[in-house]
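Engineer: One structure coming up, written as structure tokens, with questions to follow.
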Amino acid sequence: MVIQYPAHMFGLPILFLLILIQVSSCTIKVTGYIGQDVTLPCAYDAQSNGVLSFCWGLGRVPRSKCADTILSSEYGEVTYRESSRYQLLSQVEQGNVSLTILNAQRSDAGIYGCRVEIPGLFNDQKSNINLIMEEERVISHEMEATDATVTTPQSPTSPMNLVNDEHSKYVRSSQGNFKAFLGEENIGRIAAIFLFTIILILILIFRRNVLMRRTKPLQLHTCTVVENMYDTIPMAK
């Protein structure tokens, strides 16, 4: 028996996928100061996926590629850079693809999008960073004098310390992405997806029960006709 569903129900999985794509992105707020360098965080798990292609653009990450691309890289090699002010100063081979804007100005404020092309259907990692530019903080002369008199002993830098520092930066960046993902907007989307899935399952179950009820009387009628046909056949003596 082939169950046929109404045509309008075939659009429900497409709507579900579109909502899921929107949930897979997150928004991070970064504050920069005019005249200083500012770094926009973006990282992925390079140990599991290897070196991947990625891009940075102005505006939120669209459904494919980046909007108004300012920098793109393919498997560790930069293929496009709109300005020399856009630099990758982190360890790209280890999955840290954060974008550094040199000598940031007030005009650099806005939304930036980072897309990491992870193999698979709808697997791309998308991060939206809201850059807010402020005036450079002014430190009083008394604070400068106090800072000059205080000396803090520093331990010698070793390769192991550098690795630990980079790992800590990556962990903090990942935690920030996760906290941003759990924002009110994304929680609402997750709840909507969960509710939509429950409703879709209930609709499918209801449709299946209705169709099964319709087919049972037809089967009983067929069996009755067959029995009557055998009753009318004369028995050979």
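The values are calculated or read from the model by the stated rules, or taken from the named source; none is laboratory data. Only a predicted model underlies this, so the values are computations on that prediction, with no experimental measurement involved. A quick note on method: Cβ atoms are made from the backbone with ideal geometry, for glycine too, and the neighbour counts reach across all protein chains shown.
Engineer: What number of residues within segment 59-86 satisfy the criterion of being more than 17 Å from the chain's Cα centre (by Cα) and not hydroxyl-bearing (Ser, Thr, Tyr)?
Structural biologist: Going through segment 59-86, the residues more than 17 Å from the chain's Cα centre (by Cα) turn out to be 68-86.
If we keep only those that are not hydroxyl-bearing (Ser, Thr, Tyr) as well, we get 68, 70-71, 74, 76-78, 81-82, 85.
Going through segment 59-86 one residue at a time, the tally reaches 10.
Engineer: With respect to Ser168, is the statement that it is of a type in the set (Gly, Ala, Ser), at pLDDT below 90 and under 16 Å from the mean Cα position of the chain (by Cα) true?
Structural biologist: no
Engineer: Checking Gln94 against (1) under 15 Å from Cys42 (Cα atoms); (2) in contact with a strand residue (DSSP E or B) (Cβ under 8 Å, 6 or more places away or on another chain); (3) not aliphatic (A, V, I, L, M), which test does it fail?
Structural biologist: (2)
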